[in-house]
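The values are calculated or read from the model by the stated rules, or taken from the named source; none is laboratory data. Just so we're clear, the structure is a prediction, and the values are computed from it rather than from any experiment. Neighbour counts are summed over all protein chains in view; Cβ atoms, including those assigned to glycine, are modelled from backbone coordinates with ideal geometry.
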Amino acid sequence: MIVCSCNVVSDGQVRACLSPGPACPRTPAQVYACLGCSPKCGRCARTIRGILDRALSEAHAACATTCGAACTLKAAPALPAEAA
Ligand code: FES
């Protein structure tokens, strides 16, 4: 499903750029950069944030390693509603 009509980016493309580790995108802006595009109208930022949060929390829940505060799979803190 296309989640960003300005850049013609699908939810699958967003998920594909999320690889756990220090370089994993944590914000919609980092996802755009990972995909080689940039935000235009910004309407998709909330949807991309939702995909990010779900993917990172699922990866964090499935992780068998206890790394506490240093865990790179924790989702970024939620943005205030007006900033998302
Ligand atoms: S829909 Fe993604 S920038 Fe416009």
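When Val8 is tested against the conditions (1) among the aliphatic types (A, V, I, L, M); (2) modelled with pLDDT of 95 or more; (3) touching a Leu at 6+ places or on another chain (Cβ under 7 Å), the lone failure is (3). A residue that is more than 10 Å from the chain's Cα centre (by Cα), loosely packed, with under 14 Cβ neighbours inside 10 Å and either at pLDDT 95 or above or part of a loop (DSSP other than H, G, I, E, B) (or both) cannot be found anywhere in segment 49-58. Across segment 1-48, the number of residues qualifying as part of a loop (DSSP other than H, G, I, E, B), among the small types (Gly, Ala, Ser) and under 26 Å from Cys63 (Cα atoms) comes to 3.
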